Structure formats: structure tokens, C-alpha cells
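K.L.:
Structure below; questions to follow.
The values are calculated or read from the model by the stated rules, or taken from the named source; none is laboratory data. A quick note: this is a predicted structure, and the numbers were derived from the prediction, not measured. Keep in mind that these areas ignore ligands, DNA and RNA; they rest on the heavy atoms of the full protein, side chains included. Shrake-Rupley method; radii C 1.70, N 1.55, O 1.52, S 1.80 Å.
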Amino acid sequence: MFRYMKAAIGSLAILLMVFSVTSTALERTNIAESAQDVTPLLVGHWAPNTKLKTAEGAPVSLKAMIMQKPTVLIFYRGGWCPYCNRQLAGLKDIEKSLDDLGYQILAISPETPEQLQAQKLQSKFTVQLLSDSTLDTIRGFGIGFYVAKETTAKYKEKKGIVLNASTQDERGVLPAPAVFILDEQGVIKFSYVNPDYKQRLSPELLYQAAKYSL
């Protein structure tokens, strides 16, 4: 079983490398024009030293948090996304196992601290939720992309979802759902980024990736 999981992890890394190399060439700190055009950081790269906020609104340093222990870092679209909520809920099945390995789990979205507070109350997630409403961390990891103006307006008008924006042209910005595993120095040991927001890394494979990354 472990041999199979190890092979699957290796295949994911190869697929990610091909995906990144063939992506449109752009500076990683820019916002891509679509989810297919993002150029995420790869295994061996260093995580950016950026600032985030907790659900309570307290500023925190990503670097300082990573230095505490190995980290499973998850980027998700927001508490309004059912696929994201399903992914976060699934972490409960492996949370203790990851803790036994020495990991912490951090989940980052572009939502505000106030939105994260509401999400915590509604879902009771034990994973630490962090706000990147400035989009600095999403930019730094190279996974941010623009949402078409029409789609941004549709989210707001029909679903009441206000997407974070970094421009004046009314286009929202979202992260391509991603999972990064980092050591205490901030070096990426494993990464999974998929432009299809419906496809998420399973808890079982994430656990094996974390175990293999130590």
C-alpha cells in the first residue's frame, strides 16, 4: 500500500511540474488571467515571508508560524465554497495522525477575518483559518487568478458572494485550490495545485504525502 501511495505522490509531483512549466510565463507575484495560467511555487522553493490575519483579526507572520513545526498549508476559495468545506471537514479524519507526526494545519483564504469568524461558528473547524485579504500570500505562492467580471457580478447578485479584488475593473481574485507541505525552514517538500476547483487531494493521500515529506 505504501509503495502505491509513494508512486502516486511521485506522479502528482511530476504532473505539477509539467503543469507549471507549460503554464503561461508570468512573474509569480502577478495575478494570472485564469486558473489554468497560474505558476505555483514548486518543491524545493521557499515560502514567501508574508503577513496574514487570524479569524480574530490579529496580524501574524507566515514565516514565524512555519518555524514552529512542519506545516500542511491549504489554500481554499472561501467558506461559501462547498468543495472547500468538504475538503476542510475531511481533515478531521487525519488531524490527529498529522499531529502525531508533528504537523500543524493552516488554511488560508482571501476572505476577511470577519468572514472567517462566521465560518468557524457555522462549521466548527478545528483547523486554523487565516485571512489573506491583501492577497500577498496568494500572490507569493503564485496561485492567484482573476475571475471574469461577469462571473464576479453573478456571484454577488445571485449568491451574495463578494469576491476579493485587487484591481479597479471589478474582477474578483481567487486562489487555485492548493496544498503545500513545508518544513520549519519554509522549504516546500510537497505541493498539489489543481486549476479544477472540484478536484481536491484526498485526506488519505495528504497524510501519506505528509509522512513521506518528513
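K.L.:
Under a 5 Å amide H to amide H cut-off, with H placed in plane at 1.01 Å, what residues pair with GLY172 once short-range neighbours are removed?
P.N.:
Sorted by chain and number, the residues that satisfy this are VAL147, THR152.
K.L.:
Of the beta bridges DSSP finds with both residues in the stretch 98-214, what % are antiparallel, to the nearest 5?
P.N.:
70 percent
K.L.:
Using heavy-atom solvent-accessible surface (probe 1.4 Å) with all chains present, what is the largest-first order of GLU157, GLU184? Working shown, then result.
P.N.:
Numbers: GLU157 145, GLU184 75 Å².
Sorted by accessible area, descending: GLU157, GLU184.
K.L.:
Run the accessible area of the stretch 86-214 with a 1.4 Å probe and give the carbon-and-sulfur part as a rounded percent. Display every interim value, and only then the final one.
P.N.:
On the way: 2830 of 6070 Å².
Carbon and sulfur atoms account for 47 percent of the accessible area of the stretch 86-214.
K.L.:
For LYS92, which aspartates and glutamates qualify as cross-link partners when the Cα separation must be under 16 Å and same-chain residues fewer than eight apart are set aside?
P.N.:
ASP100, GLU204
K.L.:
Here is a follow-up. Quick one: plug the Kirkwood hydrodynamic radius of the stretch 81-202 (C-alpha pairs) into Stokes-Einstein at 4 °C, 1.567 mPa s, and report D in µm²/s.
P.N.:
On the way: Rh = 15.7 Å.
So the translational diffusion coefficient is about 83 µm²/s.
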